[in-house]
1. Evaluate the distance, in nm, between pseudo-label points positioned 7 Å from the Cα of Val55 and of Glu74 along their respective Cα→Cβ axes.
2. Taking 8 Å as the Cα distance limit and 6 or more residues as the minimum spacing, I'd like the relative contact order of the range 30-104 as a percentage.
3. Please give the direction-averaged projected area of the C-alpha convex hull for the range 30-104, in square nanometres with one decimal.
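Just so it is clear, none of the values below were taken in a lab; they were calculated from the coordinates. If you're wondering where the values come from, they're calculated on a predicted model, not measured in any experiment. Note that we place each Cβ from the backbone using ideal geometry, even for glycine, and neighbour counts take in every protein chain shown.
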Amino acid sequence: MSGQHVRSTLLGLGAGLLLTGCIVAEPVVVRTPPQPPPPQVEVVPVQPGPAHVWVQGHWVWRHGGYVWQPGFWEPVRANHVWVPGYWAPRGGGYIWIEGHWRAR
């Protein structure tokens, strides 16, 4: 193979690689869930003790639909307060912001 042929082949390959960077890929579409239904009314069981806080149930997005996640009693953490989770509007849909313990 001559030097001219090798050089032409390498230039052709280099140009092909450069052009592949110019191809525009299809955008990734992420389907966000619609607004969740209103919370269900829950029958809160008896508090297991004074050192527990009720974490209200909420809707969870699973397999293309909302499913109710029942509430539960959570042991209190010293010097912390429970911040409930909530659905927040984002980008034409909704995201779940998890409940968490916040230091006092």
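1. 0.5 nm
2. On the way: 116 pairs, mean separation 22.7, N = 75.
Relative contact order comes out at 30 percent.
3. Numbers: hull surface 24.5 nm².
With the hull built on Cα positions only, its mean projection is 6.1 nm².
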